[in-house]
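The values are calculated or read from the model by the stated rules, or taken from the named source; none is laboratory data. As the structure is a computational prediction, the values presented were derived from the model and not from experiment. Cβ coordinates were reconstructed from backbone atoms using ideal geometry, including for glycine residues, and neighbour counts include every protein chain displayed. SASA here: full protein model, heavy atoms, side chains in, ligands and nucleic acids out. Shrake-Rupley method; radii C 1.70, N 1.55, O 1.52, S 1.80 Å.
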Amino acid sequence: MAASGINPKQVNDLHSFSDYVQPLMEFMEYSVPSSISIKQEEKVILVGHSLGGVPEVTAYILTAKGTSTNFMFGPRYISSNLYDLSSPEDLDLASMLARPIRIFSADDMSKQMTMSKQKYGSVKRVYIIAELDKGIPKDVQRWVIEKDSVDDVKEIGGSDHMVMMSRPHELFACLQEIAGEA
């Protein structure tokens, strides 16, 4: 995603939700010749995480009629709510690499994104509950599951918000299971 991870864009360069998802769209585009593009016959498991994975959570935080805004978690919130069960080394690295994120309004996302059975609804959607997530509490996760009508729900016990850090082996096994069911 743009302005995330290793993507060089800065959050203020994102003027729309389309700008945010452009790197993903380019990666998924079969016709673009690139060393990082996937081949048409390959299958992909797209893993969304936190605010980037669940638009409904963004709407939970930002009112539906709001404007897009930049947001950044503070170090105390990160340590006590997101990486609370992760190793101190992972917390240190996350703190050093933290970047602001763009939260788009529901209005902007609805203008940019079309959710139809032919597109979004045509793929199997699995929600993985992080059992001890303080960043997105379990009741909010259950609300998202009900609202989004996912196809399957899995749970990783003993995991904080950053499942890939607090329970990486369990997450990998879960993703392998999901891939095997696809």
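Results, tabulated for the structure shown:
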quantity: Residue list for segment 1-22, filter: of a type in the set (Val, Ile, Thr) and open to solvent by 30 Å² or more (accessible area, probe 1.4 Å); calculated: ILE6
quantity: Selected residue (criterion: nearest to ARG125 (Cα to Cα)) from residues of segment 142-168 that are in a strand (DSSP E or B) and of a type in the set (D, E, K, R); calculated: ASP152
quantity: Residue match in segment 117-136 (condition: at pLDDT 70 or above, farther than 30 Å from SER166 by Cβ and open to solvent by less than 70 Å² (accessible area, probe 1.4 Å)); calculated: no
quantity: Matching residues in segment 144-166 - criterion: being open to solvent by 50 Å² or more (accessible area, probe 1.4 Å) and either touching a residue at least 12 places away in the same chain (Cβ under 8 Å) or in contact with a Lys or Arg (Cβ under 7 Å, 6 or more places away or on another chain) (or both); calculated: LYS147, ASP151, VAL153, GLU155, MET164, MET165
quantity: Complete set of residues in segment 168-182 that are surrounded by 14 or more Cβ atoms within 10 Å (Cβ to Cβ) and touching a residue at least 24 places away in the same chain (Cβ under 8 Å); calculated: LEU171, CYS174, LEU175, ILE178
